[in-house]
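The values are calculated or read from the model by the stated rules, or taken from the named source; none is laboratory data. Model, not experiment: these values are computed from the prediction. Neighbour counts run over all protein chains shown; Cβ positions are idealised from the backbone, glycine included. Surface areas here come from the heavy atoms of the whole protein model, side chains and all, with no ligands, DNA or RNA. Shrake-Rupley method; radii C 1.70, N 1.55, O 1.52, S 1.80 Å.
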Amino acid sequence: MMLSAREQWRILSDGVAEILPEDEFLAKLERSVQTGTPLRVKLGCDPSRPDLHIGHAVVLEKLRQFQELGHRVIFIIGDFTAMIGDPSGRSKTRPALTMEETQENARSYLEQVGIVLDVSRAEIRHNSEWLAAMTFADVIRVASQVTVSQMLERDDFHERFEREQPIALHEFLYPLAQGIDSVQVRADIEIGGTDQRFNFLLARELQKHAGQPPQAIVLMPLLEGTDGVQKMSKSLGNYIALLDPPREMFGKAMSIPDELIVRYYRYATFASADEARAMEEGLRAGTLHPRDAKALVAERLVARYHGEEAARSAREEFDRMFRHKQLPDQIETIELRLIPPVPLVEVLVAAGLVPSKSEARRLIAGGGVYVEGERIGDLHATLGDAGEYVVKVGKRRFARVRLQA
RNA sequence: GGGCGGGUUCCAGAGCGGUCAAAUGGGGCAGACUGUAAAUCUGCUGGCUUAUGCCUUCGGAGGUUCGAAUCCUUCCCCGCCCA
């Protein structure tokens, strides 16, 4: 009932950025088939900020395939590392999380993972289980297995070293901790984004020292964020969250640069290589309009996470608002306890449409504020009477404010 | 421990006694245009009872000065080199 190693290889290698080393991966599949033993596929996760996005889904989707082929997915919740603090040097040190926060985050993380794959069939481990138990002597022993110049091979360390930027000593320990995780769970495969290459390779070294067969590595492409330049990440604000509501998801997908359309088609909506090629050719030949291609991607993306129905209505709403510049079909009503006449500037702030009066003035001066469909250019404009007003700020901020008598 | 160079607004990075809320680029927002929240172009980008006005900001605390991001003292932090 298990597929042959070849068949599995065909499925599992589709859409990956890199498999290291390929022959070992294939050998593992073959042994797995022969002995009827599922492979142990590890995914480490940082529970510090549980807001998964469609970039994570690229990895999760691959993991789902492993699951469907009968392999064992092992999630490692990095609760220990999260409690200690920030691994990545450039960001200002993140505050260490408390035990409760970490647990809450982990719960929410798994819930979001559950959108893509079957968490109940996965093995879930917390790395505090073994990392918290290590003594300093244990740490030194593991640290002795890696040299400083090996560490400096990692391009992010290398670059900072070259640029004379700080690298804190503990940053060297995080890759080590990840490697120890692999040893602990006896990972056959570790999966992650291409930025994890160094850490995953280091884990192989530690596994060899521990007398284990080293894990094979599956690296998935990193999806660019909606800005089209940097990788998708929460901190850069260029992400589409798995939990984004349909309209948000649709709109964000429509804001990607044209060059990214096909890539999103392939990796965000999991179109096959053939489908992606077809779209690419259509775009190049001019038979497929970029806007339509993008709308297709956006719709398919929304459909995946919210269903066909939601996708269709998100698309209609988008067309209404941005192509035809009409009002959205639902506008939040905000009651203001202000007695007319009220300066418009004050209304905008009170309604939460802008963060400050200065900002409100700038927007008015720049022609970005509308009341009842009419552009307001006067900084001193007031809403004179009680009643409801539809206020629009920019393209996307709407509110129906109600002034009481 | 010694020497040198640094810490500036969301980020990077100029400024080095007044003309500094602080160049420039990025990001963000808005406008025009359009095929979309693409691209391109333009404008804006600390706050306040709109005021040739006031307040807060240039690592922290003091000081000099009519006046400081700019000078001095001291403290904290970072990088490099030497030990």
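Take the stretch A:305-353 and flag every residue that is aromatic (Phe, Trp, Tyr) and modelled with pLDDT of 90 or more. Explain how you work it out, then say what you get.
Going residue by residue through the stretch A:305-353, those that are aromatic (Phe, Trp, Tyr) are A:305, A:318, A:322.
Scanning the stretch A:305-353 gives A:Tyr305, A:Phe318.
Please find, within the stretch A:263-281, the residue that is farthest from A:Glu111 (Cα to Cα) out of those that are open to solvent by less than 10 Å² (accessible area, probe 1.4 Å) and in contact (Cβ under 8 Å) with a residue 40 or more places away in the chain.
So, considering only residues that are open to solvent by less than 10 Å² (accessible area, probe 1.4 Å) and in contact (Cβ under 8 Å) with a residue 40 or more places away in the chain, the one farthest from A:Glu111 (Cα to Cα) is A:Tyr264.
Do you know which residues across the stretch A:257-271 are more than 12 Å from RNA strand B (Cβ to nearest atom) and either outside any loop (DSSP other than H, G, I, E, B) or touching a Phe, Trp or Tyr at 6+ places or on another chain (Cβ under 8 Å) (or both)? Before you say what the answer is, go through the steps one by one.
Of all residues in the stretch A:257-271, those more than 12 Å from RNA strand B (Cβ to nearest atom) come to A:262-263, A:265-271.
Listed by number, the residues that qualify are A:Val262, A:Arg263, A:Tyr265, A:Arg266, A:Tyr267, A:Ala271.
When the residues of the stretch A:393-405 are filtered to those that are within 14 Å of RNA strand B (Cβ to nearest atom) and open to solvent by less than 50 Å² (accessible area, probe 1.4 Å), which remaining residue is nearest to A:Pro355 (Cα to Cα)?
Quick first cut of the stretch A:393-405, residues within 14 Å of RNA strand B (Cβ to nearest atom) only: A:393-399.
Now restrict to residues that are open to solvent by less than 50 Å² (accessible area, probe 1.4 Å): A:393-394, A:398-399.
On the way: A:Val393: 12, A:Gly394: 14, A:Phe398: 15, A:Ala399: 15 Å.
Across the stretch A:393-405, the extreme among qualifying residues is A:Val393.
So which strands (runs of 3 or more DSSP E) are wholly in the stretch A:108-227 and hold at least 3 residues that are within 29 Å of A:Leu29 (Cα to Cα) and of a type outside the set (D, E, K, R)? First the steps, then the outcome.
On the way: elements: A:123-126, A:189-193, A:216-220.
Fully inside the stretch A:108-227 and qualifying: A:189-193, A:216-220.
Please pick out the residue among A:Arg304, A:Arg337 that is out of contact with any Lys or Arg (no Cβ under 6 Å at 6 or more places or on another chain), more than 15 Å from RNA strand B (Cβ to nearest atom), assigned by TED's automatic domain parsing to the domain that holds A:Tyr389 and basic (Lys, Arg).
Testing whether each residue is out of contact with any Lys or Arg (no Cβ under 6 Å at 6 or more places or on another chain), more than 15 Å from RNA strand B (Cβ to nearest atom), assigned by TED's automatic domain parsing to the domain that holds A:Tyr389 and basic (Lys, Arg) leaves just A:Arg337.
Which condition number does A:Leu348 fail, the rest of (1) more than 9 Å from RNA strand B (Cβ to nearest atom); (2) in contact with a helix residue (DSSP H, G or I) (Cβ under 6 Å, 6 or more places away or on another chain); (3) closer than 29 Å to A:Leu242 by Cβ being met?
The failed condition is (3).
Please specify each residue of the stretch A:351-392 satisfying the condition of being more than 7 Å from RNA strand B (Cβ to nearest atom) and basic (Lys, Arg).
Passing the criteria: A:Arg375, A:Lys392.
Taking A:Leu260 and the conditions (1) in contact with a helix residue (DSSP H, G or I) (Cβ under 8 Å, 6 or more places away or on another chain); (2) open to solvent by less than 50 Å² (accessible area, probe 1.4 Å); (3) under 26 Å from A:Ala311 (Cα atoms), which numbered condition does it fall short on, given that it satisfies the others?
Every condition holds for A:Leu260 apart from (1).
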